[in-house]
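Just so it is clear, none of the values below were taken in a lab; they were calculated from the coordinates. As the structure is a prediction and not an experimental result, all values here were calculated from the model. Here the Cβ positions follow ideal geometry from the backbone for every residue, glycine too, while neighbour counts run over all protein chains shown.
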Amino acid sequence: MTSALIDAARAAQHRAARAASAVGPAHPLARLLLAAAALAAAAAWDAGHRVTDLHPARRHQRERQARA
C-alpha cells in the first residue's frame, strides 16, 4: 500500500511531465507544475520515504539484479 504522499508526488510528477512535453519545459505552467512536483517529492522524502518508493524498479531491472 502506498502512502498518500507518494501518490501525490507521483501524480504531480506525471502532470508536470505531461505539461512539459505539451508546451515545453520553459512554459510558465510547466515550470509551476515542475516546482509543485519537486515540493511533493521533498515532502515525501522528509516523511522518510525513499526515492525507490516513488520510482519503483522496472521488471527488467529487477531481473537483471536477480541474475547478478
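Could you give the nm distance between label points at Ala11 and Arg58, where each point is 7 Å from its Cα heading toward the beta carbon?
2.6
For Arg18 and Arg31 in one chain, what is 0.36 nm times their gap in residues minus the Cα-Cα distance, to one decimal in nm? Walk me through the numbers on the way to the answer.
Numbers: separation 13, 0.36 × 13 = 4.68 nm, distance 1.17 nm.
Net length gain for the segment: 3.5 nm.
Peptides 26-34, 12-20: what's the order by average Cβ count within 10 Å, highest mean first? Could you put the intermediate results ahead of the total?
Numbers: 26-34: 14.2, 12-20: 17.0.
Ranked by mean Cβ neighbours within 10 Å, highest first: 12-20, 26-34.
Over the Cα atoms of region 1-42, Rg to Rh with Kirkwood Rh, two decimal places?
Radius of gyration relative to Kirkwood radius: 1.04.
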